[in-house]
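Bear in mind these aren't lab numbers, they're just calculated from the coordinates by the rules spelled out. Source: prediction; values computed, not measured. Quick reminder, even Gly has a Cβ in these numbers, built from the backbone with ideal geometry, and neighbours come from all protein chains shown.
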Amino acid sequence: MAYSKTSYLEHTAVRVKDIQWHIRFFAEALGMPVRRMQGDEDNPEQVWTVGGVQLVADETFDGPEGRMVHLGIMTDDLDAALEEVYKWGVTEMPQGRNWFTLPDGLAIELMQDPEK
């Protein structure tokens with residue numbers, strides 16, 4: 001039986017060369033301020049904006065190839081969703097069982113809303 005709960009895209013992670021510029025751009029140009037930060041405020045490793053963009057700092061990045069890091073998908077029932085996705089031949093990633101790659105290499109992080 002297929003997973004029957006509701007899932008949605010929670011964020012899309014992208015590599016950026018100048019994270020401070022991107023933080024300002026998303027906040028000032030698009031009204032998407034930082035909602036969560038990892039690392040120092042002056043030199044964050046990554047940030048998450050309101051609206052679902054995760055910016056991953058990579059000063060050596062020279063895109064656009066390889067800019068996408070992973071899809072973060074929110075689900076109502078993480079355990080049930082994981083039981084289903086592992087039937088499809090996905091490969092677990094080092095980050096944990098809720099991180100996996102599809103056969104074509106696309107990385108996905110499944111999460112459950114803490115309020116569910």
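A convex hull fitted to the Cα coordinates of segment 18-57 yields 52 cubic angstrom per residue.
With the largest listed first and rounded to whole Å, the semi-axes of the equivalent ellipsoid of the chain from the Cα gyration tensor are 28, 17, 11.
Among residues other than Glu65 with Cβ under 15 Å from its Cβ, the summed charge is +1 (Lys and Arg +1, Asp and Glu -1). Each other residue within a Cβ distance under 10 Å of Val14 adds +1 if Lys or Arg and -1 if Asp or Glu, for a net charge of +1. Across segment 13-30, rounded Karplus estimates of 3J(HN,Hα) from the backbone phi angles (6.51 cos²θ - 1.76 cosθ + 1.60, θ = phi - 60°) give 9, 9, 7, 9, 6, 10, 5, 5, 4, 5, 4, 5, 4, 5, 6, 7, 7, 10 Hz, Gly and Pro being marked x.
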